[in-house]
Amino acid sequence: MAPLSGAGSVFEVSEAENQTVPEFSTGTIRRRRRVRWWRVVVLLLSGAFFIIPLYAGIKFSLQNVQGHFSFQAYEKLPSAPGFTGALTLSLKIALVTMVVSTLLMVPTAIYVHVRLPRLRRLLDVVTVLPIVIPPIVLIIGVLGVFPLWAKSSPYLLSFMYVILSMPFVYRSLDAGLGAIDLKTLTEASRSLGGNWLTTMWRIVLPNIRPALLSATVLTLALVFGEYTMASLDLWTTIPVWIAQFQVSTDGPIQVAASMMGLIGTWILLMLVVSIDRSQSRRTRRKQGA
Amino acid sequence: MAYSSSQQTAGAGAAVSLENLVRTFGSVRALDGLSLKIEPGEFMALLGPSGCGKTTALRVLAGFELLDSGRVVVDGVDLSNVNARKRDMGMVFQSYSLFPNMNALNNVAFGLRMRKQAASQRRKKAGELLEMVGLADQAAKYPHQMSGGQQQRVALARALAIEPRVLLLDEPLSALDAMVRAELRDQIRSLQQRLAITTVFVTHDQEEVLSMADRVCVMSRGHIEQVATPAELYSRPGTAFVAQFVGISSRVPVDVANKEVVIFGQRCPIRSGDSSSVVGAADALLRPEDIAIEVDPNGKGFVTRKSFLGAMTRLVIQIGDTSVRVDVRSDAGADIDLGTHVRPSIVARDVLVAPRKEITAVDTSATPPPPTVS
């Protein structure tokens, strides 16, 4: 289509308006900051609070029976009795939990934001309940009520973990949705012909991806750390396996498993974030082409 | 439907008819039997103070709000129960509504994608539309890399890409700074005239309305006060509300007898229309240009405020318990100081009057603030 006026567009744009938003980076801006001593102290103290137990755990897991440095515990871990089974079970439960939690919570959070914003406060309260009610109360109630076929499936734990992860998942999604003008974006999509599914898939989900990833990682961390429910439901997940392991003889292996779980979650988190970033870059390159 | 410049310039605007629209939110009647006809290719502005129902009317037209009763008819087809995505109405929102995960080109192409057009065709058309709004070189930019004015122009291109039957503009300029706003205002109007697309524009900014619209629909409390051209609206306001909301009016207490009033000792006929039924104690609504002043040491009025407006200077004259605003040429106004005694006179051929209680009941929340001394 030809421009509307002879020489060009009707939109003769002033220099001032056409100036794009500058992209600032830390490398281009030199800030002179006075380092305040109390900030450094707080940083060191909080760092020590997290690092000392980790350091102690890693140090212990890297010692052999004689107290010398060794990778023995990590080498023995894959062949330790029951470890592979526990890891597989935990991964399966985590996967089901993440899928169910996402399928349940994402549409709910979006619907509440778009159509029922008044319910947000109520949901804030409701989603905190799993934190307030002790897991032991929840699992005993469920085991007393649910039929045998459900209790004999490990995925009953997934059902419970969906409830347990609800506070983290909902808050993460709520924050993500709150950061975008969801109502306007969905209305813009609808006015252009997008149905709800298209709007969710092409507009909403890409714009809350960090929140979605955060919710997923939190769910994963919860599944790999929950002991009470799994133990009472008699399923040997990783935390149960660690607790059941012989502390007296194989303490370093037990701690090595804990460390592996922790480091594994971190690696997964990094992986998820880097995949997200590279995907975003690829999409932008593709769109820019 | 194929998109071509010939179609764009052929005047494909649709006729819109809003028929007795009623929409309530709890106890609030946002639309109270609103009826309005918009001609094909017309630029209609909905103007009114906050809460008057103008945005609700636009959202009803777009399909984002359901009606309690009434009909939305476009080109003879009742769209009242048609989903927003099937109405073929392009909308530009007040807040920046570009999809943050898409660049400018893909934002513009989104509606075409929803219409299942081929990728190459989409890119070509989106590129053309970006060129039309002067942003061809910004096609690869993301919303966060563009200024507010650029984003709204991309939003306009996106709304036009689907060849909408009606273009809906929901205060698209209100988030922009004054300079960009004035520029974009002229450009939108120019584009609308070139494309001859039926456009409904919601705003509370009188300047935008008076400079852009073919006709203006002034709304108050869910109903229409007056539908008229900008010039008619300003010079012949139909009601006290319109006189007060559009432009500036001073209220002067008068007594109506034999369809005449006496203002500043001068006998004036009252304007025909709603005014003509008013009898007894009333208020005359006077525009600044309806009044002339003459410096006179024995005059009953004196200047209490003075605002320089460029070519004109606005004076506030206190006459007894009443104050009126008067515009004078700035070269003449330069000699008039605060406290100067003046003699006012009416230069309008007739005056608009309204019952006193009606004026006091008018919602003046969105009227411009009084001028200050400058």
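Rule-based calculations on the coordinates, nothing more; no lab input. None of the values given here were measured: they were computed from a predicted structure. Heads up, the Cβs are rebuilt from the backbone with ideal geometry, glycines too, and the neighbour counts pull from every protein chain shown.
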- [ ] Determine, from the Cβ-Cβ distance of B:Glu294 and A:Phe50 and an R0 of 56 Å, the FRET efficiency 1/(1 + (r/R0)^6), rounded to the nearest 0.05.
- [x] 0.10
Open item on the list: For chain B, set up a GNM with springs between Cα atoms under 10 Å and report which of B:Pro100, B:Pro143, B:Pro237 has the largest fluctuation.
Closed with: B:Pro100
TODO: Please compute the Cα-Cα pair-distance distribution of the range A:80-288 with 10 Å bins starting at 0, giving whole percents from short to long.
DONE: 8, 28, 31, 21, 9, 2, 0
Open item on the list: I want to check the label-to-label distance for B:Ser50 and B:Val82. Put each point 7 Å from Cα in the C-beta direction and report it in nm to one decimal.
Closed with: 3.4
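As a test of the formula, what do you get for chain B when each DSSP H run with n ≥ 4 contributes -39,500 (n - 2.57) and the sum is divided by the residue count, at 222 nm and rounded to the nearest 500 deg cm²/dmol?
Calculated mean residue ellipticity at 222 nm is -7500 deg cm²/dmol.
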- [ ] Counting only C-alpha contacts under 8 Å and six or more residues apart, can you give the relative contact order of the range B:289-347 as a whole percent?
- [x] 49
Open item on the list: For B:Val256, what residues show an amide H to amide H distance below 5 Å, using hydrogens built from the backbone and excluding near sequence neighbours?
Closed with: B:Gly280, B:Ala281, B:Ala282
TODO: Using only Cα atoms, find the angle between the long axis of helix B:148-161 and the longest principal axis of chain B, and express it within 0 to 90 degrees, rounded to the nearest 10.
DONE: 60
Open item on the list: Limiting things to C-alpha atoms, what are the Rg and the maximum Cα-Cα separation (Dmax) for chain B, in angstroms?
Closed with: 24.0, 80
Open item on the list: As a test of understanding, state the convex hull volume per residue of the protein assembly as shown from its alpha carbons, in Å³.
Closed with: 253
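Return the percentage of antiparallel bridges among DSSP beta bridges fully within the protein assembly as shown, rounded to the nearest 5 %.
75
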TODO: Pop a pseudo-label 7 angstrom from the Cα along the beta-carbon direction at both A:Val132 and A:Ser152 and give the gap in nm to one decimal.
DONE: 3.7
TODO: Percent of Cα-Cα pairs per 10 Å bin, from 0 to the last occupied bin, for the range B:289-347, please list those.
DONE: 26, 63, 11
TODO: Quick one: which residues, 5+ away or cross-chain, put their amide H under 5 Å from the amide H of B:Leu47? H built at 1.01 Å from N.
DONE: B:Cys217, B:Val218, B:Met219
TODO: Starting from the amide H of B:Val92, placed 1.01 Å from N in the peptide plane, find each other amide H under 5 Å away whose residue is 5 or more places distant or on another chain.
DONE: B:Leu168, B:Leu169, B:Asp170
- [ ] Mind giving me the FRET efficiency for A:Val42 and B:Asn258? R0 is 60 Å, r the Cβ-Cβ distance, nearest 0.05 is fine.
- [x] 0.10
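Per-residue mean of other chain beta-carbon atoms within 10 angstrom of the beta-carbon, peptide B:85-94?
Shielding by partners across B:85-94 averages 4.
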TODO: Taking 7 Å along the Cα-to-C-beta vector as the label spot, tell me the A:Val35-B:Asp331 distance in nanometres, rounded to one decimal.
DONE: 6.9
Open item on the list: Using the Karplus curve 6.51 cos²θ - 1.76 cosθ + 1.60 with θ = phi - 60°, what ³J(HN,Hα) values do you get for each residue of the range A:71-78, in whole Hz, with x for Gly and Pro?
Closed with: 8, 3, 4, 6, 5, 7, 4, x
Task: the range B:5-231: relative contact order in percent, alpha carbon pairs under 8 Å with at least 6 residues between - done: 32
- [ ] Compute the acute angle (0 to 90°) between the alpha-carbon long axis of helix B:178-195 and the principal axis of greatest extent of the alpha-carbon atoms of chain B; round to the nearest 10°.
- [x] 60
Task: With at most 10 neighbouring Cβ atoms within 10 Å, loop trypsin sites (Lys or Arg not before Pro) (DSSP) excluded, longest segment of chain B - done: B:117-348
- [ ] With θ set to phi - 60°, apply the Karplus curve 6.51 cos²θ - 1.76 cosθ + 1.60 along the range B:214-219 and write out the HN-Hα couplings as whole Hz, x wherever there is a Gly or Pro.
- [x] 6, 9, 10, 10, 8, 10
TODO: Find, among the chymotrypsin sites (Phe, Trp or Tyr not before Pro) in the range A:50-98, those assigned to loop by DSSP (not H, G, I, E, B) with at most 13 other beta-carbon atoms within 10 angstrom.
DONE: A:Phe71
Open item on the list: Within the range A:204-234, list the residues whose amide N lies under 19 Å from a label point set 7 Å along Cα→Cβ of A:Gln244.
Closed with: A:223-234
- [ ] Just report the Cα centroid separation between the range A:178-244 and the range B:42-81, whole Å.
- [x] 38
